[in-house]
Amino acid sequence: LKCFIEEAHKRDINVVAFTQTFIEHIDTMKSGSIDYYLLDYNGDRGSGLLDVCNDEVQDQLLIYYKELVTKYNFDKVEYDIIRYPSSNLYQYLDVDVIPDTVKIVDYGYTIYSMNKFMDLYNLTGDLKELIKTNKDVRKNWLIFKEQELIDFISNCTKEMKEINNEVLITAAVLNNINIAKKAYLQDYEKWLNIGIVDEIEIM
């Protein structure tokens, strides 16, 4: 790979590391804790994606990305699958009580991440019940998850730029910004504005 990049650069060809960030492709993750993977409101692991809010997941991904830019002279590193699975929880933000929780499609309900959220907001009780009955908790839960994603991208980009300030950091993103923001918590306009990615690649 080092040889390939070197030869490409001799020919003025840029080489991009296209990565699928929160998909289970790192061996240490695959053999790690079940809490590494997102669970939905009903406790199912249907998405196969890693839990954005898990600090251990974030730490291992940081190691992975730092290695990419330490070992190899890539021109660009692109985040893909840099989001949560599709959620419909935003549709219930103005509802006092969600009458039928079977209809809730939302992810992040590992014990690790639920406890992290409950501690942050000084809450007690059953988070899933609070999601059902308290619209403020619903709103804060989405804010919490979005901020965890932003903090991870910010830290990861910062670490890579400290190693190689010339590498471009980009993100493959959904083509509808409103759906991306509401359903996937992928507010890439904000990412660009605060400078945690250099470019976006509209899918």
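The values are calculated or read from the model by the stated rules, or taken from the named source; none is laboratory data. Please read these numbers as outputs of a predicted model, since none were measured by experiment. Note: ideal-geometry Cβ built from the backbone for every residue, glycine included; neighbour counts use all protein chains shown. We work out accessible area using only protein heavy atoms, side chains counted, and drop any ligands, DNA or RNA first. Shrake-Rupley method; radii C 1.70, N 1.55, O 1.52, S 1.80 Å.
Place +1 on the Cβ of every Lys and Arg and -1 on the Cβ of every Asp and Glu in segment 120-199, take the dipole about the Cα centre, and give the residue among TRP141, THR124, ILE177 whose Cα lies farthest towards its positive end.
Towards the positive end, the residue furthest out is THR124.
Using modelled backbone amide H atoms (1.01 Å from N, in-plane), which distant-in-sequence or interchain residues come within less than 5 Å of ILE23's amide H?
LEU50
With every protein chain kept in place and ligands, DNA and RNA left out, what is the accessible area per residue of the chain? Probe 1.4 Å, answer in Å².
So the chain comes to 51 Å² accessible per residue, rounded to a whole number.
Quick one: of the DSSP bridges fully inside the chain, what percent are antiparallel, nearest 5?
20 percent
Of SER87, THR21, GLY43, whose Cα points farthest to the positive end of the dipole of segment 1-119 (charges on the beta-carbon: +1 Lys, Arg; -1 Asp, Glu; origin at the Cα centre)?
The residue sitting most towards the positive pole is THR21.
Based on Cβ point charges of +1 for Lys and Arg and -1 for Asp and Glu, what charge dipole magnitude is obtained for the chain about its Cα centre, in debye rounded to the nearest 20? Don't skip to the answer; put the middle values down first.
Numbers: 22 positive and 35 negative charges, 47 e Å.
That gives the chain a dipole magnitude of about 220 debye.
What trypsin sites (Lys or Arg not before Pro) does segment 129-173 have in DSSP loop regions with at most 10 other beta carbons within 10 Å?
none
State whether segment 132-203 is rounded, prolate or oblate according to the following rule on the C-alpha gyration tensor (a ≥ b ≥ c being the square roots of its eigenvalues): a/c under 1.5 gives rounded; otherwise a/b larger than b/c gives prolate, and the remaining case gives oblate.
oblate
As an exercise, take the mean of 1/r over every pair of distinct alpha carbons in segment 74-130, invert it, and state the Kirkwood radius in angstroms.
14.0 Å
For segment 44-171, take N as its residue count and report Rg(C-alpha) divided by 2.2 N^0.38 Å.
Values: Rg = 17.2 Å, N = 128, 2.2 N^0.38 = 13.9 Å.
Here the answer is 1.24, to two decimals.
How many percent of the accessible area of segment 1-100 is carbon or sulfur, using a 1.4 Å probe?
Accessible surface attributable to carbon and sulfur in segment 1-100 totals 48 percent.
Taking all protein chains in place and a 1.4 Å probe, what share, in percent, of the accessible surface of segment 109-156 do carbon and sulfur account for?
46 percent
Which links in LYS76/LYS132; LYS71/LYS181; LYS66/LYS128; LYS10/LYS181; LYS76/LYS190 stretch past 31 Å when you go from one Cα to the other?
Too far apart for the 31 Å limit: LYS76/LYS132; LYS71/LYS181; LYS66/LYS128; LYS10/LYS181.
Run the dipole for segment 105-185 about the Cα centre, Lys and Arg Cβ at +1, Asp and Glu Cβ at -1, nothing else charged, and hand back the magnitude in debye, nearest 20.
On the way: 11 positive and 11 negative charges, 78 e Å.
Roughly 380 debye, rounded to the nearest 20.
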